[in-house]
Amino acid sequence: MVAPDELVASLVPPPTFADVSFASYRPNPGEPSQAAAVVAGEAFAQKIAEVRSSKSGWFRKQQRGAGLYLDGGFGVGKTHLLASIYHAAKAPKLFGSFVEITNMVGAIGMAGTVERLAQHSVVCIDEFELDDPGDTMLLSRLLGELFDRSVSVAATSNTLPGQLGEGRFAAQDFLREIRQIADGFQVLRVDGPDYRHRDLPAPPAPLPDAELRERADRLANASLDDFGALAKHLATLHPSCYRELVKDLAAVCLSGVGPASDQAVALRLVAFIDRLYDAGIPVLLSGQPGNALFTDEMLAGGYRKKYLRAISRITALARAGEPLGSNSASVA
């Protein structure tokens, strides 16, 4: 298990978004909401500073933390904007995925998490989602504690706050908590098509097993694992360890790829793919393509958006891995 201080220290934008800014975001001219999101993000970054400055001074009234919620489909640049908010804010500040934040609570407890997060001016949470009643209760309390301590929170999601949890559990039984979460945020919709799929071909065809092994041998710092063995190994690790698992890899090669055997395996794969995407690590596959990881039944269920995000991301990583290690490509 990763130590609490190491968990906190790891909460920074992934390498893909390490150097982004509002200036480097390129709004789609046909989607006015994207340009509006840049303006709102810049204003929110200024608000963070104002809220934080209210914490000091004998006669100043401490302000409640501000909240900004960027809602939109896959690949419209929400994470780019969230990372831009992080980079524009003054330290100390944190950036993590929703799963990483909830995993932190699971690892060090609510009190320990609040104590550590409350020291920061802003907590940026990527891919906010509520999958079960436990998450709903946990996030309602955590966000309330942070807002009360003048910590601002920026978040991204594919689901509007009032609709979080729908299709996953009996959301109507937790409307009070869901409303408390929603009330803390200014909600901004970011529209547009997924840039990862714009004018691009279908996912690369899987490689024959022999070619996958040959390519893996040609690549420096590439892993080669059986897909089923990887799925079993992920089950032995806390998801907070997945980032370390892929650290410093140049490529991930997986043989025998096929549909996840059950929902638990599928959700662990989503978390693993998120860490690969965060780190910008290309993948090479044999067996079936990445868009076959989740069954039709899974895609029709409550985790549909989570699975579609994972498919979008592994498809992008497979395209990046397509030329690696081939006879015609230069080898690192």
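The values are calculated or read from the model by the stated rules, or taken from the named source; none is laboratory data. None of the values given here were measured: they were computed from a predicted structure. Here Cβ is always computed from backbone atoms with ideal geometry, including for glycine, and neighbour counts include all displayed protein chains. Remember, those area values only see protein heavy atoms, side chains included, never the ligands or the DNA or RNA. Shrake-Rupley method; radii C 1.70, N 1.55, O 1.52, S 1.80 Å.
Summary of values
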| read-out | value |
| --- | --- |
| In range of the label at residue 226: residues from the stretch 262-284 whose backbone nitrogen is under 20 Å from the point 7 Å along Cα→Cβ | 262, 265-266, 269, 284 |
| Two-site label geometry, residue 9 and residue 297: point separation in nm, points 7 Å out along Cα→Cβ | 4.5 |
| Karplus (6.51, -1.76, 1.60) ³J(HN,Hα), θ = phi - 60°, over the stretch 45-52, in Hz, Gly and Pro reported as x | 4, 5, 4, 4, 5, 5, 4, 5 |
| Net lengthening on full extension, residue 39/residue 24 (0.36 nm per residue, minus Cα-Cα) | 4.1 nm |
| Long-range amide H partners of residue 253 with built H, under 5 Å | 223, 224, 225, 284 |
| Accessible area of residue 298 in the full protein assembly, 1.4 Å probe (Å², nearest 10) | 20 |
| Amide H contacts of residue 186 (H built 1.01 Å from N, under 5 Å, at least 5 apart or other chain) | 67, 68, 69 |
| Flagged links, alpha-carbon separation over 27 Å, of 78/232; 78/305; 47/78; 90/306 | 78/232; 90/306 |
| HN-Hα J in Hz across the stretch 117-126 - Karplus 6.51, -1.76, 1.60, θ = phi - 60°, x for Gly and Pro | 5, 5, 7, 10, 6, 8, 10, 9, 10, 8 |
| Residues whose placed amide H lies under 5 Å from that of residue 12, excluding near-sequence neighbours | 95 |
| Neighbourhood net charge (12 Å Cβ-Cβ; Lys/Arg +1, Asp/Glu -1) for residue 70 | -2 |
| J(HN,Hα) series, the stretch 242-259, from Karplus relation 6.51 cos²θ - 1.76 cosθ + 1.60, nearest Hz, glycine and proline x | 5, 4, 5, 4, 9, 4, 6, 6, 8, 6, 10, 10, 10, 9, x, 5, x, x |
| Whole-percent carbon and sulfur share, accessible surface of the stretch 200-322, 1.4 Å | 53 |
